[in-house]
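To start, the structure under review is shown below, and the notes come after it.
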Amino acid sequence: MDYKKLAELLYPNITKTIEYYENEAYPKRKLPEGAKVTRLAPSPTGFIHLGNLYGAFVDERLAHQSGGVFLLRIEDTDEKRKVEGSVETIITSLEFFGLKFDEGAGIEGETGDYGPYFQSNRAEIYQCCAKYLVEIGRAYPCFCTEEELEELRKEQAKENVNTGYYGKWARDRNLSLEEVQQHLNNNEEFVIRFRSEGTEEGTFEIYDAIRGRLSNPVNYQDIVMLKTNGIPTYHFAHVVDDHLMGITHVVRGEEWLSTLPIHYEIFKAIGWETPVYCHTAHLMKMDDGAKRKLSKRKDPELGLGYYRELGYHPKAVREYLLTILNSNFEEWRMKNPDSPIDDFQFTLGKMSNSGALFDLDKLNNICKDVLLKIPAVEIYEFLLNWANEYKKEAAGMLYSNKDEVIKLLSVGREGKNPRKDLMYCEQILDFISYYFDEYFNIVDGYPENINDEEAKKLLQAYLKTYDHSDDQSQWFEKIRVIASENGYAAKPKDYKKNPDMYKGHVGDVSTVIRIAIIGRASSPDVWELQQIMGEEKVRRRIENLINN
RNA sequence: GACUCAUUGGUCAAGUGGUUAAGACGCCACCCUCUCACGGUGGAAUCAGGGGUUCGACUCCCCUAUGGGUUACCA
């Protein structure tokens, strides 16, 4: 069989050679020793979830920690699944979380010398590489129709053998030149299949940077490399693109583990070195008591949009992700509470190889610490931006009450044991909403031992002695006095010792006041909040309650 | 079904043949305290099961179970 002729027959119009691409078009990158080149290669389906961010984070750290390159390539080889505008979504979402690409697809066009970065624009490159494989006898055209393949699978199922296109089942594996010509003359469509040399028994070993040595069965399937439309399948695109783009580390989900043998064999056949593989474990979700891989269909709440809508700070999300990405991160963070997150040395070896369950409690807890380190003014800006995008009705209020909001955000944040009240925008807004009359309402009831009438009596007493210029201790002393005068213990400990002597204690009294002013039974220090609200508002709210 | 990866408390996990099996989140109790947070102290809670190998196994091997993944001209 003259493979050279076959190649010419199939691709008369491909004149460039594989050497041209390797040496002239895409020469080796000039990078410092040890620099890693990574890529994010999403398909543009318009949905990006936490799992994608998780993986992208690994790529980004690997590249930027080593002085390498992090690029974006769009795997748009499946026309059916393309969604308009999804490239923008991907880029802006990742950027929001602090991941920036150095090269590749961009909103304003591509940057970099290794493009095009959309696979749909690389057809000629793939075809050239395919042509080469045909020339050396490692690829061939297959004219089977989908129906015929379906038949084949049924046949194989009946005989109880592995399904697929391989060995004696590969009908077009050894077509003669004349037969190929014949099919071509009939205008039949064809795919290019890989000619595998593997057997069903073979195995090989390969190193995975996360999982260590992996022992795999060898590939024996003549998989499709080029579809009838001349566009490659993932397997072939991965080999061609990652090699030609100079990718050193391929980070991808563990769902690719089982196709690794295919990739390995193609790399070998074409004579290229494999990149370092890094197969990450999936982020999982609890579903009816069982762990499950994140799904874009079933888990919209794990879409990145969800966290932006709730107003999670990107720093907090990064911080959380790093705790599940590298088990030693938390330890490092405790030792270096104020260091920038990028000072942490991320390592592949510390990555877990079993799927982690997403833990919202943990995220929230991390948020508290992260936000505490961000100045109130910046939180305000963040909150305002968030409201402008996701909570329009609150944006105006936040905008026109800038000073007050910043003060509200700052309450209790100073000192040795600062409060950690703030987690994410939605929650923060709720946390400070009482300040605005439009949002203010009484959500909690009085303590059990105090009825409405009693409450009014206490509030009247409070109003009578209230002096807005009192300092904090003067203010609270007056509350103690009101408590004593009305039969409540001025100190909770007294009440605890002799509960029968009192109606309650000073805490009950201040709770009544707190509810009148804040609308809730729990809040930061009332005196501080009053100072921010101003005398008029404080008095008005209490009066409203008394007269209702 | 076949092939494959995984399995330490509720969750994230340290651990690489000899440990009282770290730590974090969550939970509970107590302390601090006008509430809530914060902070502090303490507590409950884990090696999926069964066989080996070994003086000794969470650690190595095998089987089983459970969960994930692949089995496409999807990625």
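The values are calculated or read from the model by the stated rules, or taken from the named source; none is laboratory data. The structure displayed is predicted, hence computed values, not measured ones. Glycine gets a Cβ as well: all are built from the backbone with ideal geometry, and neighbour counts include every protein chain shown.
At a glance:
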{"item": "Output for the stretch A:308-338, where each listed residue is closer than 19 Å to A:GLU426 by Cα and outside any helix (DSSP H, G or I)", "result": "A:GLY311, A:TYR312, A:HIS313"}
{"item": "Evaluation of A:LEU325 against (1) closer than 20 Å to A:ASN52 by Cβ; (2) surrounded by fewer than 19 Cβ atoms within 10 Å (Cβ to Cβ) (one fails), failing number", "result": "(2)"}
{"item": "Any hit, the stretch A:455-472, residues being surrounded by 11 or more Cβ atoms within 10 Å (Cβ to Cβ), at pLDDT below 90 and closer than 14 Å to A:VAL512 by Cα", "result": "yes"}
{"item": "Among residues of the stretch A:442-494, those that are of a type in the set (A, V, I, L, M, F, W, C), outside any helix (DSSP H, G or I) and free of Cβ contacts under 8 Å to residues at least 40 places away in the same chain, counted", "result": "2"}
{"item": "Any hit, the stretch A:82-91, residues being modelled with pLDDT under 90, assigned to a loop (DSSP other than H, G, I, E, B) and either surrounded by 21 or more Cβ atoms within 10 Å (Cβ to Cβ) or more than 16 Å from RNA strand B (Cβ to nearest atom) (or both)", "result": "yes"}
{"item": "The listed residue being more than 28 Å from A:ASN326 (Cα to Cα) and within 13 Å of RNA strand B (Cβ to nearest atom), out of A:HIS263, A:HIS235", "result": "A:HIS235"}
{"item": "Elements of type helices (runs of 4 or more DSSP H) in the stretch A:99-215, at least 2 residues being without any contact (Cβ under 8 Å) to a residue 24 or more places away in the chain, within 10 Å of RNA strand B (Cβ to nearest atom) and more than 19 Å from A:TYR21 (Cα to Cα)", "result": "A:146-159"}
{"item": "Among (1) of a type outside the set (A, V, I, L, M, F, W, C); (2) farther than 30 Å from A:GLU485 by Cα; (3) out of contact with any strand residue (DSSP E or B) (no Cβ under 6 Å at 6 or more places or on another chain); (4) touching a residue at least 24 places away in the same chain (Cβ under 8 Å), the one test that A:GLU378 misses", "result": "(4)"}
{"item": "Candidates A:ARG195, A:ARG213, A:ARG171, filtered to the one that is among the basic types (Lys, Arg), surrounded by 12 or more Cβ atoms within 10 Å (Cβ to Cβ) and in contact with a strand residue (DSSP E or B) (Cβ under 7 Å, 6 or more places away or on another chain)", "result": "A:ARG195"}
{"item": "Every residue from the stretch A:23-49 that is within 12 Å of RNA strand B (Cβ to nearest atom), in a strand (DSSP E or B) and touching a Lys or Arg at 6+ places or on another chain (Cβ under 7 Å)", "result": "A:ARG39"}
{"item": "Criterion: within 21 Å of A:ALA521 (Cβ to Cβ) and among the charged types (D, E, K, R) - qualifying residue of A:ASP361, A:ASP342, A:ASP437, A:ASP403", "result": "A:ASP437"}
{"item": "Lone unmet requirement of (1) over 24 Å from A:ASN388 (Cα atoms); (2) outside the structural domain of A:GLN530 (by TED's automatic domain parsing) for A:GLN460", "result": "(2)"}
{"item": "Total residues in the stretch A:495-521, condition in contact with an Asp or Glu (Cβ under 8 Å, 6 or more places away or on another chain), closer than 25 Å to A:ARG539 by Cβ and free of Cβ contacts under 8 Å to residues at least 40 places away in the same chain", "result": "0"}
{"item": "Flag if A:ILE223 is more than 9 Å from RNA strand B (Cβ to nearest atom) and in contact with a strand residue (DSSP E or B) (Cβ under 9 Å, 6 or more places away or on another chain)", "result": "no"}
{"item": "Matching residues in the stretch A:216-231 - criterion: being assigned to a loop (DSSP other than H, G, I, E, B) and touching a Pro at 6+ places or on another chain (Cβ under 8 Å)", "result": "A:VAL218, A:ASN219"}
